[in-house]
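Remarks on the structure that follows.
The values are calculated or read from the model by the stated rules, or taken from the named source; none is laboratory data. Owing to the predicted nature of the structure, the values given are computational and were not obtained by experimental measurement. Here the Cβ is made from the backbone with ideal geometry for all residues, glycine too, and neighbour counts use every protein chain on show. Only protein heavy atoms, including side chains, enter the accessible area calculation; ligands, DNA and RNA are left aside. Shrake-Rupley method; radii C 1.70, N 1.55, O 1.52, S 1.80 Å.
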Amino acid sequence: MNLPNKITLFRVAMIPVFLVLLLVPGIPYGNYAATAVFLLACLSDALDGYLARKYNLVTNFGKFMDPLADKLLVCSALICFVELSYMPAWIVIVIIAREFIISGFRLIASDNGVVIAASYWGKFKTIAQMTACILLLVQLPFQWAETAEQIFIYLALLLTVVSLCEYIWKNRKVLSEKK
């Protein structure tokens, strides 16, 4: 197993740590520690992708596990935000539904021998979602911070829908192909 794949697995292993720090009451500075773990996980995502591309270490395992690790991290955070009343459930449902739709779409494409690359809209969506998560985790007690949280929540929602539409439109032939 190469270094980028080990970093990806490390990111997955950080998720339960993040959840404990965020959700277990009484942990001193738990939300700040959870923020640090989440931020480290986000940075590890950038690092493993950089290393995989720079040193030609791209593997099928990495192509599968890296986006899955991102989805697990972000979706875990979003579900916690509903529990903590930081975010409305309907937004989280839309974001998670998009992930299920894209995953199903990729399965159909793969079954037809088609590989679908990630788009820039999807990358922007991930950055907006991760930024919204970090802002919600920090919970700064300033009006500008609350405004920034709301902007990034709705930006993430918008980019989620836009990236879904773009993804399906660009690859619509996959749905009409017969096996």
Worksheet entry | Residue of Thr126, Thr35, Thr147 that the Gaussian network model of the chain assigns the largest fluctuation, springs spanning Cα pairs under 10 Å | Thr147
Worksheet item: Under a point spin-label approximation (7 Å from Cα along Cα-to-Cβ), what is the Leu9-Leu40 distance to one decimal in nm?
Response: 1.8
Worksheet item: On average, how much area does the Cα convex hull of the chain cover when viewed from any direction, in nm²?
Response: 11.1
Discussion item. Only Cα pairs within less than 10 Å get springs; with that Gaussian network setup on the chain, which residue of Gly122, Gly62, Gly26 has the largest fluctuation?
Written reply: Gly26
Worksheet item: What full-extension length gain, to one decimal in nm, is calculated for Glu83 and Val115 as 0.36 nm per residue of separation minus the Cα-Cα distance?
Response: 7.9 nm
Discussion item. Using only DSSP helix segments of four residues or longer, with each worth -39500 (n - 2.57), what per-residue ellipticity at 222 nm results for the chain after dividing by its residue count and rounding to 500?
Written reply: -28000 deg cm²/dmol
Worksheet, complete the sentence: On the accessible surface of the chain, probed at 1.4 Å with all protein chains in place, carbon and sulfur together account for a percent value of 70
Worksheet entry | Spin-label model distance (nm) - Tyr32 vs Leu107, 7 Å beyond Cα toward Cβ | 4.4
Worksheet item: For the pair Lys63 and Leu158, how long in nm is the line joining their label points, each one 7 Å along Cα→Cβ?
Response: 3.3
Worksheet item: Beyond 15 Å, what share of the Cα-Cα pairs of the range 86-137 remains, rounded to the nearest whole percent?
Response: 60
Worksheet, complete the sentence: Here the FRET efficiency for Lys54 versus Ala148, based on Cβ atoms and R0 = 25 Å and rounded to 0.05, is 0.15
Worksheet entry | For the range 43-119: rounded, prolate or oblate by the Cα gyration tensor [a/c cutoff 1.5] | oblate
